[in-house]
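A short write-up of the structure that comes next.
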Amino acid sequence: MSRSGADETVRCAHCSLPVPPGLVEDGAERQFCCQGCRTVWEAIHGSGLEDYYRLREELAAAGTRPAVSGRGFQEFDHERFQELHVRRLPNGLARVELYLEGVHCAACVWLVEKLPRLLAGLVEARLHLGRAVVEICWDPTTLPLSAIARALDRLGYQPHPVRAGSAEAQRRDENRRALARLGVSGMIAGNVMLIAFALYGGWLHGMDPAFRDLFRWTSLVLTLLQLAWPGRVFFTGALAALRTRTSHMDLPIALGLLAGLTGGFFNTWTGSGEVYFESVNALVFFLLVGRTVQQRQQRAAYRSIELLTTLTPTRARRLEAGGDAVEVPLEAVTPGDRLEVRAGESIPADGRILTGETRLDRSILSGESRPVAAGPGDPVHAGTVNLSSRIEIRVEATGEETRVGRLMQLVERYGRERAPVVRLADRLSGWFVVVVLGLAAVNLLLWWRQDPRAAVEHTVALLIVACPCALGLATPLAVAAAVGAAARRGILIKGGEVLERLARPGRLFLDKTGTLTRGRVGLVAWSGPREPGRLVAALEAHSGHHYAAALRQAFADLGPVPPAEEVEEVAGRGIRGRVEGHDLLVGSPRFLAEAGVPLAEETAELLRRQAAEGLTPVLVAVDGRHLATAGLGDALLPDAAEAVAEL
């Protein structure tokens, strides 16, 4: 129970509002202003979400507290960021979509969507669990977007801008329209099918003519609705084929649907013959199902190769005239800007190093895991990682003009190109359309002389049955599904033509790094006792070199590392220091030779073998005596030999 001082006002345990005197429970530990607050409080504690109240107090009391990630998110308030990602509403509010790290369950949705109760000026927060994207509506005059981002970060969900906002929004709108068409089509087709069952039952056991006519006219009205909205896409495609004088598979579909509608309408009007409304509706529904599946597979494959937004950072640290580093959105960076890139960060744009020396991980572009030394005047590329020390770069290209941007454009272009088998299917479906239309015309003429009613029925049946949808849909759907499935497994396929080439005998050339190997430096061979490994890990903890990281990881199973003293790292040679009272040297053979450590003849032979295998030797000496030799390199993947054998 909470009271507000002298006036002894009782506060609600959930919303902190005053509790009406009539609802105060004497002796109760917690008081509630209404049954709704009591229910919500019990639901929160029953779900293990008690941190909600602590976070509410923290957010209310500490508006300037730093975010969990250490970021201030000031770039979210930049005018360029606002232009690209924020949509202004007519009522003065603003709307933005942000991707949230760490979203994993419905409790996350509940917690994020309660944020408007904690921040004044935040109107709405709606979180899409599957996409981990929150849609925020707020008043920019009272609350900056950076404050909302910091609040989300304090909740444990670091926000990021949705880089492909407009295209993604258009795709979502198109998906909604397609699903709406499909849902309406299925509803209409289901009802017409039920009516058809009744008509078939009446045909077998007899039916009053009034009920038969009612069912037929009802089916006709529903079929008109089916063709007027969901089925309109086929008539649109058929008209386009006629305008361009091309044979398109929508043409026989539209003719079949129109013939079925016309024949059914004539028989309904005259009260004789059969109607085909259930066939027309089922055809529209199943064709829409096939097209929806195909579009979803193609878009899934396309999204899987949209890698540019994941290869480059979303922000940069720009150096202003006074030397201060200001975080800005990547879209605000232009050629000629000076950027600061700290150790461990990805380089946001192409350019050249102005100051600083470092090592760069260029595996994203070259595939080689071994870092490359770079200094003033050397070029750097977006997406590569600065491993060692702080550098300043002069920007030369950004976004799609960078090397990685052009690479992604190339991948996207090949992804849009149709495979040869798809082009062949298109050509065959075109000829198929011509043949079907010709057969329909011949069929109509031959039967018309004998029985016009039978001629119409047989022609309608031919047009409906002889639909080239399997040929026109199955082939591109299979290719799109294969490319998408491979992309989800980390295999980037340039286009459908590659799949066809793999299906034919021939030679397969494999890039070693990252394909047959792990794609990163690791301990491949170790000669000598493992006990010194714990001392090596303790000494290498003071180095940022990629070889040091590989050695630390290799001996992580030996337990906690002891402290190291008098550590000295010699660039290009190795590292020395004292660990647990022992003098330790870890480095190249030249480093140990300069320190006066003798090497045995068998060690020289081991070094020659490692060099022949493409490994980099790292020697370990303890108290002036060589004890072990490590062979560092890019190890083969465990299943590389098996995969090559299967291919």
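The values are calculated or read from the model by the stated rules, or taken from the named source; none is laboratory data. This one's a predicted model, so the numbers in the text were calculated from it and none came from an experiment. For neighbour counting, all protein chains shown are included, and Cβ atoms are generated from backbone atoms with ideal geometry for every residue, glycine included. All accessible areas refer to the heavy atoms of the entire protein, side chains included, with ligands and DNA or RNA removed. Shrake-Rupley method; radii C 1.70, N 1.55, O 1.52, S 1.80 Å.
Points to keep in mind about this one:
- FRET efficiency, 1/(1 + (r/R0)^6) with R0 51 Å, evaluated for Leu319 and Val184 via beta carbons: 0.35
- Based on protein heavy atoms only, region 542-647 ends up with 55 Å² per residue of surface accessible to a 1.4 Å probe.
- Peptides 630-636, 374-380 ordered by packing proxy, namely the average of other Cβ atoms within 10 Å per residue, highest first: 630-636, 374-380.
- Here the average projected area of the convex hull drawn through the C-alpha atoms of region 363-410 stands at 3.7 nm².
- Sorting the segments 336-349, 431-444 by their residues' average number of neighbouring beta-carbon atoms within 10 angstrom, most packed first, yields 336-349, 431-444.
- Between amide H atoms placed 1.01 Å from N, distances below 5 Å from Arg11 occur with Ser2, Arg3, Val19, all of them 5 or more places distant or on a separate chain.
- Stretching the chain fully between Glu605 and Val40 yields a gain of 196.1 nm (0.36 nm per residue, less the alpha carbon separation).
- Net lengthening on full extension, Glu401/Glu124 (0.36 nm per residue, minus Cα-Cα): 96.0 nm
- In terms of packing, defined here as the mean over residues of other Cβ atoms within 10 angstrom, the peptides 560-571, 450-461 line up highest first as 450-461, 560-571.
- Ellipsoid semi-axes for region 507-647, based on the Cα gyration tensor and the rule √(5λ), read 30, 17, 13 Å when sorted largest first.
- Surface share of carbon and sulfur [accessible, 1.4 angstrom probe, percent] for region 491-647: 53
- Segment Asp77-Ala210, extension gain: residue separation times 0.36 nm, minus the distance between their alpha carbons: 40.9 nm
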